[in-house]
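Below is one structure, written out as structure tokens, with a few remarks after it.
Read the figures in this text as sums done on the coordinates, not as results from a lab. Predicted model only: the values in this text are computed from it and were never measured. Quick reminder, even Gly has a Cβ in these numbers, built from the backbone with ideal geometry, and neighbours come from all protein chains shown.
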Ligand code: ADP
Ligand code: MG
């Protein structure tokens, strides 16, 4: 933490010059244990916030401008604060901070002239939610400590991503970036927007493995899945797939296009798996937890069709490593990370086996991140 603060202070000094009033805000990335593509169907998810996080260092400016520098990309953008409420997206990374600034102004929070330096240890586009970490840390920096209801902060950042960036994401990522808990995953009901802490049983370890690929298909497939789920709900006559049951779905099967049926079956069974996984955590049933992760991956691969060759390989390879209880893709899919549940003590062998197998098969270095539940966003 001391290392991070010093790094940010030095970077800020280099980019913007000396300031006496630097404040730093942190918002975590996350790994979703189970409940994939269920949030925008108002179902259940079980993510945990990570030590990997986005940091925004901020200080006021003497003029009327907001300037944002990404230390990761070595690039800046700036806007007059008077223009923020009417800003338009450009397809650049700066759409995220700009969208957040616009939503803050629209919600009645004046955005004051400032210099922002953003630096993230969350790998971008890898399914660990670098985007929500960026949004939430920037929002806190622009609020400068002014109070905001945590749920309002969540919704405001999601609006920035949905309406300004143009990604139809559900609420999970922003929610866990704000409400994440040290030492626990959180089970979120994406309809009521309530959550409960879920303690993982003792004696397990969780590792994320980054395939280091991101297939282009993902960007069009995500909104397509959102639309297919909406169609499925409409055909079933329910407000959202959260309200559908497997029995109802099976009864309606003949009347549904095959693709729509399979998309809906993933969502309905995945919601049930979140509930079963939560119960298995409480019971300390490690074998059941592992089975549910593997079943989630199968469903995402076969019914929802958001996996890819690299993710399938990482999951299959993981399941054959001694001590591994379960594995699945995590995040939107088409690349990014897998999440792997194993017996504590199996980590070293897992790391070397999976890295070696991936290198041999795809000629790439997989990145591996140990996942320990970290707290939600706040000032550093
Ligand atoms: P994920 O949230 O899974 O990492 P997304 O596609 O939702 O993937 O968001 C990734 C995008 O967020 C990046 O392409 C970039 O535009 C933006 N982003 C994330 N972190 C940073 C950063 N440190 N600096 C600038 N932009 C970032
Ligand atoms: Mg994202």
Relative packing of 317-325, 88-96, which averages over residues the other C-beta atoms within 10 Å, highest first: 317-325, 88-96
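Quick one: if the Förster radius is 22 Å, what FRET efficiency do residue 356 and residue 216 give, using the C-beta to C-beta distance and rounding to 0.05?
Details: r = 28 Å, r/R0 = 1.27.
Efficiency, from the Cβ-Cβ distance: 0.20.
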Once you place label points 7 Å from the Cα toward the Cβ at residue 5 and residue 196, how far apart are they in nm? 3.7
Between residue 182 and residue 255, how high is the FRET efficiency from 1/(1 + (r/R0)^6) when r is the Cβ-Cβ distance and R₀ = 56 Å? Nearest 0.05. 0.70
Out of 302, 63, 189, any idea which swings most in a Gaussian network model of the chain, alpha carbons joined below 10 Å? 63
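Could you work out [θ]222 nm for the chain from helices alone, using -39500 (n - 2.57) per DSSP H run of at least four and dividing by all its residues? Round to the nearest 500 deg cm²/dmol. Could you put the intermediate results ahead of the total?
On the way: 11 runs with 156 residues, N = 380.
Counting only the DSSP helices, I get -13500 deg cm²/dmol.
Return the equivalent ellipsoid semi-axes of the chain as a descending list in whole Å, where each equals the square root of 5 times an eigenvalue of the C-alpha gyration tensor. Please list the in-between numbers first.
Values: eigenvalues 243, 124, 68 Å².
After diagonalising the Cα gyration tensor, the semi-axes are 35, 25, 18 Å.
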Rg from C-alpha atoms of the range 2-191, normalised by the globular rule of thumb 2.2 N^0.38 Å, equals 0.98
Longest principal axis of the chain (C-alpha) makes with the long axis of helix 130-143 (C-alpha) an angle, in degrees to the nearest 10, of 30
How long are the semi-axes of the equivalent ellipsoid of the range 133-287, taking √(5λ) for every eigenvalue λ of the Cα gyration tensor, in whole Å from largest down? 29, 23, 17
Which of the peptides 347-356, 39-48, 125-134 is most tightly packed, and how do the rest follow, judged by the mean count of other Cβ atoms within 10 Å per residue? 125-134, 39-48, 347-356
Can you give me the angle between helix 347-362 and the longest principal axis of the chain, using Cα atoms only, in degrees from 0 to 90, rounded to the nearest 10? 90
Nitroxide proxy distance, nm - points 7 Å out along Cα→Cβ at residue 343 and residue 379: 4.7
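Using the per-residue mean of other Cβ atoms lying within 10 Å as a proxy for protection, in what order, highest first, do the peptides 266-276, 168-178 fall? Don't skip to the answer; put the middle values down first.
Details: 266-276: 22.4, 168-178: 25.5.
Top to bottom by mean Cβ count within 10 Å: 168-178, 266-276.
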Taking the 0 to 90 degree range and rounding to the nearest ten, how far is the long axis of helix 258-283 tilted relative to the main principal axis of the chain, both from C-alpha atoms? 80
Cα atoms only, the range 204-370: Rg and Dmax in Å? 17.0, 50
